[in-house]
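Below is one structure; the comments refer to it alone.
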Amino acid sequence: MYEGMKTAERNLPQTHAEMRAVIGELSCSASPEVHDNILMWAHYGENHTGAILEFSCIEKFDSAWGATKPVIYRENMPVLADEHKLVKLLSGEGTSATPELFDEAVFVKAKDWQYEREWRLVGGWEKEQATEYIPFQPEETHRRWSSDTSQRKPS
């Protein structure tokens, strides 16, 4: 048991690097719940030249937008393995590659970012494609908002 823990500790940097490599190849579409938060525009609005499309998930279109998940904001960031997970791993009952671990790596952010109220759609599973386009129907969009604060009216 102790040897297994030492091995796990030695392999931790490599495990983190491997996880970052897998996640780093994915793409992520981030969508805020609120369109007019000044901090959002400051961080992501491309020098106030961006635009926002408001989407609705309409079931009849079977759209990829239905796969978006809300980001969870936490005081303490997730760990690779807590005591319970570590015991299962070392006893051969568990695996480190779990859907929960993936979700925590992709859909959890520090509580400081909570003002974003972000939802994410993860893509990039098709490695041979350099660019991924997410189609949508016109009925799935509501308004277009300019990042220019003097023009924040629906068009």
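The values are calculated or read from the model by the stated rules, or taken from the named source; none is laboratory data. Worth saying up front: this structure is predicted, and the values here are computed from it rather than measured. Heads up, the Cβs are rebuilt from the backbone with ideal geometry, glycines too, and the neighbour counts pull from every protein chain shown. Surface accessibility is based on the protein's heavy atoms, side chains included, excluding ligands, DNA and RNA. Shrake-Rupley method; radii C 1.70, N 1.55, O 1.52, S 1.80 Å.
Worth pointing out:
- For the chain, the per residue solvent-accessible surface stands at 74 Å², with DNA, RNA and ligands left out and a 1.4 Å probe.
- Here the extension length gained between Leu12 and Val34 equals 4.1 nm, from 0.36 nm per residue of separation less the Cα-Cα distance.
- Accessible surface of Trp125 - all protein chains present, 1.4 Å probe, nearest 10 Å²: 140 Å²
- Straight-line cross-link reach from Lys85 at under 27 Å between alpha-carbon atoms covers these lysines, not counting any fewer than eight positions away in the same chain: Lys6, Lys69, Lys109, Lys111.
- Label positions at Gln114 and Ala67, each projected 7 Å from the Cα along the C-beta direction, are separated by 3.0 nm.
- Point-charge dipole on Cβ atoms (K/R +1, D/E -1) for the chain, about Cα centre, debye to 20: 280 debye
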